[in-house]
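What follows is a short report on a single structure.
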Amino acid sequence: MSTNRLVYLDNNATTRIAPEVVESMMPCLTDYWGNPSSAYSLAIKPANLIEEARERVARLIGSDKRNIVFTSCGTESNNAAIQGALMANPMKRHVVSTAVEHSANIKFCRHLEKCGYEVTLLPVDLDGAIDFCDLQSAIRQDTAIVSIMWANNETGVLFPIEEIAAICRSNGVLFHTDAVQVAGKLPIDVQGLGVDYLSLSAHKLRAPKGIGLLYIKSGVVFSPYIMGGAQERGLRGGTENVANIVAFGKAAELALSHIEIENKQTRSLRDRLEKGIFQSIAGAVRNGGEPRLPNTSNIGFQGIEAEAALLLLDREGICASSGSACTTGSIEPSHVLQAMGVPAARSKGSLRFSLGIENTEQDVDFLLDKLPAIVERLRGASPEALV
Ligand code: PLP
């Protein structure tokens, strides 16, 4: 039966824009519409707003504002870090990453291979963890950059970024981390982490889509990926999206103000969700080990097709996901679960629930009310159904 209720449990795909964020960006669309690079006074306000936003996003990650380059999205930031490091070190033609990165990395690495570069994608175990020995032995004389995500978007599994950064440093190799799924969920301190580059995307943080950032450590080489005007101190050409940059700044400020409460709240809802599922649905198994993000739960239901479950959940007004949104619609199994060695029968019936600050116990209970019957119905329809 359809319902008017919307239960949004897909916050790793994107987040609803916070009202304060919408409010902050509106004046840039109405009053402060001048080109920030222009020489007249109409440019002063938008130019100043960009710098205020830069300070705010820098504060979210413990950086100086001079180390922030605004980009169009997390995908661009990842591409720019890898390409920027390669272009700045033309003698080095090898990249190390992992088999469970977002397609923003994996597809770019595949493209690099076609261009004659070499790529090593590190394997992961069933928990989704990498082996430091594999990393150490993958690094070569000609490795330009290691790019490893901090939190996996499908499972929430966290890689030990500080240790990975230390290994890269001791080998004299640049290190980039994709922290797109971490922002607003865990504290970020780029100094303590010791990374050279770090990517964020605003739409995971209750800001609009189409704006991201790349942190570049002082003194680290970087060759611009998008060339044009002198914006972003010549590191990223293109007239700035002032409204989105301002929104990103506001969202970063909000996220910083309630990071602890959001962490506690989503963790408690996630635990309620998992407890409820394991109590009511036989054969449900969590994908991925610890440590992991507080908000993410990836659960395999043997004997069902995830896409069919998503359709039935959608009819009830529940939004979830079968993996990363960028691969939804494709019948390919999740490359993340595949790389972890999750059996195909479980992987194709795996659902991701990702909670956000707006979720309530009622949302979780609504899911727990609907999901068991959906799984039972689909198992009844499947030859692989559990008895
Ligand atoms: N990296 C990770 C881990 C992500 O989850 C995403 C988006 O889902 C991206 C990169 C890409 O970010 P954007 O959508 O801003 O291009």
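Structure data summary
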item: Among (1) within 16 Å of the ligand (Cβ to nearest atom); (2) modelled with pLDDT under 95, the one test that Ser297 misses; result: (2)
item: Selection within the range 171-206 - within 15 Å of the chain's Cα centre (by Cα) and among the charged types (D, E, K, R); result: Asp178, Lys185, Lys204, Arg206
item: Any hit, the range 225-233, residues being among the β-branched types (Val, Ile, Thr), closer than 28 Å to Arg169 by Cα and either without any contact (Cβ under 8 Å) to a residue 60 or more places away in the chain or touching a strand residue (DSSP E or B) at 6+ places or on another chain (Cβ under 6 Å) (or both); result: no
item: Pairs, first touching a residue at least 24 places away in the same chain (Cβ under 8 Å) in the range 31-47, second of a type in the set (Phe, Trp, Tyr) and open to solvent by 80 Å² or more (accessible area, probe 1.4 Å), C-beta under 8 Å, six or more apart; result: Pro46/Trp33
item: Val124 being of a type in the set (A, V, I, L, M, F, W, C) and open to solvent by 10 Å² or more (accessible area, probe 1.4 Å); result: yes
item: Matching residues, the range 311-332, being open to solvent by less than 60 Å² (accessible area, probe 1.4 Å) and modelled with pLDDT under 95; result: Ser322, Gly323, Ser324, Ala325, Thr327, Ser330
item: Within the range 54-75, considering residues that are assigned to a helix (DSSP H, G or I) and touching a Phe, Trp or Tyr at 6+ places or on another chain (Cβ under 7 Å), the one surrounded by the fewest Cβ atoms within 10 Å (Cβ to Cβ); result: Asn67
item: Pairs with Cβ under 6 Å, 6+ apart, first in the range 95-124 and free of Cβ contacts under 8 Å to residues at least 12 places away in the same chain, second of a type outside the set (S, T, N, Q) and open to solvent by less than 70 Å² (accessible area, probe 1.4 Å); result: Glu113/Val119
item: Residues located in the range 344-363, provided they are out of contact with any helix residue (DSSP H, G or I) (no Cβ under 9 Å at 6 or more places or on another chain) and of a type outside the set (D, E, K, R); result: Ala345, Gln362
item: Residue count for the range 178-233, restricted to those that are more than 24 Å from Ile145 (Cα to Cα) and touching a Lys or Arg at 6+ places or on another chain (Cβ under 6 Å); result: 1
item: Qualifying residues in the range 349-387 (those that are assigned to a loop (DSSP other than H, G, I, E, B) and modelled with pLDDT of 95 or more) - the one farthest from Gln265 (Cα to Cα); result: Gly349
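The values are calculated or read from the model by the stated rules, or taken from the named source; none is laboratory data. From a predicted model like this one, the values you see are computed outputs, not experimental measurements. Cβ atoms come from the backbone with ideal geometry, glycine included; neighbour counts cover every protein chain shown. Protein only, heavy atoms only, side chains kept; ligands, DNA and RNA dropped before computing areas. Shrake-Rupley method; radii C 1.70, N 1.55, O 1.52, S 1.80 Å.
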